[in-house]
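First comes the structure, then the notes that go with it.
Only the coordinates and a few stated rules stand behind these numbers; no lab work does. The shown structure was predicted, so the numbers you read here are calculated from the model rather than taken from an experiment. Neighbour counts run over all protein chains shown; Cβ positions are idealised from the backbone, glycine included.
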Amino acid sequence: MAVNTEALGAGGPASPARPLVVSRARTSRRIALDRWASRLVVSGGIIIIASILAILLVIAAEVYPLFKAPTASLLGTYRAVEGAPSVPAPGEGMGVDEYREIAYAVTSTGTLQLVSLKGQGAVPPVPVPALGGSAVTTVAAAGTGQHLIGSADGRAIPLEMKFDVAFKDGVRTVTPQPVFGEPMALDPERNRPVRRLAFAATGTGPVTVAQVGPTELALHSVVEKKALIGGSRREESLKTLAVSVDGEITALRLDGRGEDLFIGTSRGWVLRYDMRDRESPTAGEAVTVGGAPDTPITALGFLIGDRTLVVGDARGGVSTWQVVPPPQGGERRLTRVYEFTPHAGPVVAISASKRDKGFVTADASGQLHINYGTSGKTLLSPRAPAGDVRTAILTPKTDGVLTVDGKGLWSQWEVDNPHPEITLKTVFGKVWYEGYSAPEYVWQSTGGTDDFEAKFSLTPLIYGTLKGTVYALLFAVPLALLAATYVSEFMHPTVKGYVKPVVEIMAALPSVVLGFLAGLWLAPMIERIVPGLFLLPLVLTVCILAAFVAWRGLPASVRGRFRTGTEVFLLLPVVVVGGWGAFALGGLVEATLLGGNYRGWLLSALGLTYDQRNSLVVGVAMGFAVIPIIFTIAEDSLANVPQHLRAGSLALGATRWQTALRIVLPTASPGIFSAIMIGFGRAVGETMIVLMATGNTPVMDWSIFNGFRALSANIAVELPEAPEGGTLFRVLFLAAFLLFCLTFAINTIAELVRLKLRQRYRYL
């Protein structure tokens, strides 16, 4: 029973105490506030999760078109003017304007057939002048709209097909304007039919190669020489080249520079002639191309840039070849690069894209294959409606395919394939690029010419990301954990009150400042002291051990003058002297053992090159960015270990080191592991330090003296220059998607490990 002491003190009778009463309104208000707070916390969590998922979905939506399957749809079939000759001449006498409104083809009877693809009405054919009743035997192409027409009387007539585009009242009108040049006599003595043609418009003048016999070629070249005084001089030459070949010549191709002539034979051989000296061409190597012996070569073509040769044979085989030096060095040789999906019959046409490394092949049965040279993949395989295809081309914008069969029926396909160069192989695997002696991982997104072959391998970027992270953590984790352990378990509380805030302030330093210092100050400084830097850990260890032995040898009366936890101030001079000694010893070692030039010794003895901005600089600079994070979280975890565990261990006779190693560290291991994982995520996502201190070179080399390019830094560099919706733009989003998945996977694994460690040590 409660007693009212106030009443007793006053002398009155005792009265019962009033019970504690909380108003109902106040209780309701508190309950309502708790409910709203709970809902707010839950809503905030849901919003955060939804935001992360939304970011992931946005990135995935930008990446999806890269791997969308290409499509080809038949738009229609067309015929020329009734009664007009319609069978195209052998070779490459077909083309279309960039708007796909007017198509043309040179026929065997000597007319330029024109076909309207947009329903503009019949377009009358144009006769080829200067034929004199002779038939057209073959047509060669070089460049957009440039053709060379071979005749049955041994002549060649140049043709340049132009299109005049006019707009009136919002209506576009395309008018064909063929321009024929002066005929060239390629076999003036015997006037034999031109069986096949190949020509190139080089910088010094046009070069023409004509087959006038089973194994005989006519080489015609024109050189225009400009004089300092007076007009230019035109020199024309014609010579005959007898090709030593087993069988007959079945295909010809001359590259756009007029340097390499490729000859296909009826016995399945491809011969290469060096045409740089046009007066005396020299025979190069001869390779067997066909899948079986004596398989005739039926078609030859070049991809854009004229570095990759496409070969089609009578069994339907399609392969690409390049003239490259072997991996061991030596003379350039014609080497097979890729084989594509074969045709059921002989390949009759090869047409390359004017924008990328794509090309189309066709066989006589009407089967088309749309291929891509960089990936080595066949993307689409449409079929002509009537078969008997004589020729096929890709449209100028690579958005369509045109064919003509033996009955004069034209067919047109719409092709939707915006990113043909992207496959899982080109993004993550080794790819044989033009000019390379073997397949490699390469990232190179820009180039200076239109015939550039984009290289989008993300493997070097993933490699560089992991490389930079590993070197940064190798530097940061030991220092951060040792510092956290010392500060938490051994440092005097007063000193700790100053040291910990200073380290935590380091985490607020902008990464751009650290990158700036690393690139402009740290990298040149490290370059001068590399030998001493590698001697530094050894020398510091020796100096610290010597200082420890000397400390233990001091009398107890001397050691007792220093408060426990202040030993770090006595160690600082030792560290300074040890660092000075390491750098001085490094200069001596370089002068005596490394010939006074450690960079030359690295190259000659170990085969390593030293780049000023390298992984060593990044490890140090990024380590300083990661250390405060790991230190802070790890020290908080160590400090939160219950004090009764420490007291119990010390009471049982354990030393402070034993207590720290056997009790404190295992108990705090979940927090320490989380600190390392957060530091890992910080290093993976770092941009500015990597960008400014590595040289940003996408090389795959674990050497600490070479740089690298990380995913985050690559996105920062490339994205401002990438056109929206283009291949580079979407590949960069793919890199962001991989970075997101990498960090998500690491964090998930880290959380699982942390929970397991926490469960294991929860009863300590």
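Before moving on, here are some points about what is shown:
- In a fully extended conformation the segment linking Thr204 and Asp636 would gain 148.0 nm over its present Cα-Cα distance, using 0.36 nm per residue.
- In the chain, the longest principal axis of the Cα atoms and the axis of helix 727-760 are about 30 degrees apart.
- The slack between Arg276 and Thr541, meaning 0.36 nm per residue of separation minus the straight C-alpha distance, is 88.9 nm.
- A simple spin-label model places pseudo-atoms 7 Å from Cα toward Cβ; at Glu414 and Ser381 they are separated by 2.5 nm.
- Computed from Cα positions, the angle between helix 669-684 and the longest principal axis of the chain comes to roughly 30 degrees.
- Here the relative contact order of the chain, from alpha carbon pairs under 8 Å that lie six or more residues apart, stands at 9 percent.
- Phe302 long-range amide H proximity, modeled H, under 5 Å: Val310
- Residue-span extension gain [Phe740 to Phe428] - 0.36 nm each, minus C-alpha spacing: 110.6 nm
- 5 angstrom amide H check on Gly284, placed H, neighbours 5+ away: Arg272, Tyr273, Asp274
- Here Lys68 is the anchor, and the lysines within straight C-alpha reach of less than 22 Å, apart from those fewer than 8 places off in the same chain, are Lys357, Lys377, Lys397, Lys425, Lys430, Lys455.
- Centre-to-centre separation between the Cα atoms of segment 24-55 and those of segment 590-605: 66 Å.
- Residue order for Trp269, Trp521, fewest other beta carbons within 10 angstrom first, comes to Trp521, Trp269.
- Over the Cα atoms of segment 72-428, the radius of gyration divided by the Kirkwood radius equals 0.96; this is the Rg/Rh ratio.
- Simple Cβ-charge dipole of the chain, Lys/Arg +1 and Asp/Glu -1, about Cα centre, in debye nearest 20: 3940 debye
- Once the Cα atoms are used to define both axes, helix 530-553 deviates from the longest principal axis of the chain by about 10 degrees.
- The separation of segment 724-764 from segment 635-649, counted between C-alpha centres, amounts to 31 Å.
- With bins 5 Å wide beginning at 0, the percent of Cα pairs of segment 315-466 falling in each bin runs 2, 9, 17, 18, 18, 14, 10, 6, 3, 1, 0, 0, 0.
- For segment 628-764, the normalised intensity computed at q = 0.16, 0.17 Å⁻¹ comes to -0.90, -0.95 (log10 of I(q)/I(0), Debye sum over alpha carbons, equal scatterers, no solvent).
- With R₀ set to 45 Å, the beta-carbon distance separating Leu608 from Ile49 gives a calculated FRET efficiency near 0.45.
- Shown for His492, His220: other C-beta atoms within 10 Å of each C-beta, ranked fewest to most, produce the order His492, His220.
- Ranking of Leu66, Leu40 by count of other Cβ atoms within 10 Å, fewest first: Leu40, Leu66
- At an R0 of 25 angstrom, the distance between the Cβ atoms of Arg552 and Val576 translates into a FRET efficiency of 0.70.
- Mean projection area, nm², convex hull over Cα of segment 372-437: 5.8 nm²
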